[in-house]
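The structure under discussion appears below in the form of C-alpha cells.
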Amino acid sequence: MGTLDCVTTVIGVLYSGAVELNPFMAGIVSSSIGAFVFVKIAATIMIALTYVFARQVLMRMPDKNGRAFHYSFKFLTFAYAGIMFCLFLAIANNLLVLIR
C-alpha cells in the first residue's frame, strides 16, 4: 500500500500537477523526485519491519493466554489496520486527483 501511495503521488506530481500535502514530504518532492521515492519506500519498509518485529516479539511471550498478550495483540492488530486504512485513504485521494 505504501508503494502504491508513492507511485500514485509521483504520477500525480509529474503528470497531473498534483501537490504533496504533507509539508515534510512536499519539500522533498519539490527538490527531488528520486529522494522522495527513496524516503517514501524506506519509510514503508521500516514501518513494515517494525510490525513484523513487534509481532515476532509478541509471539515469543510465554503466556499467550494472559491479558497482557491479549491486549498487546489487539493493539498491534488495530495499529496495523489503522495504518492500512490511512494508506487506503491516501491512495483513494491520489486516484481521485489523477482521474480529474
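The values are calculated or read from the model by the stated rules, or taken from the named source; none is laboratory data. All figures in this text were calculated on a predicted structure; none of them were measured in a lab. Glycine also receives a Cβ, built like all others from the backbone with ideal geometry; neighbour counts cover every protein chain displayed.
Values as computed for the structure displayed
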quantity: Residue tally, condition of a type in the set (K, R) and outside any helix (DSSP H, G or I), over region 65-100; calculated: 1
quantity: So F85, is it at pLDDT 95 or above, loosely packed, with under 14 Cβ neighbours inside 10 Å and either over 30 Å from A18 (Cα atoms) or aliphatic (A, V, I, L, M) (or both); calculated: no
quantity: I11, sole failed condition from (1) closer than 23 Å to R100 by Cβ; (2) in a helix (DSSP H, G or I); (3) free of Cβ contacts under 8 Å to residues at least 60 places away in the same chain; (4) more than 14 Å from the chain's Cα centre (by Cα); calculated: (3)
quantity: Residue match in region 53-64 (condition: in contact (Cβ under 8 Å) with a residue 60 or more places away in the chain and not in a helix (DSSP H, G or I)); calculated: no
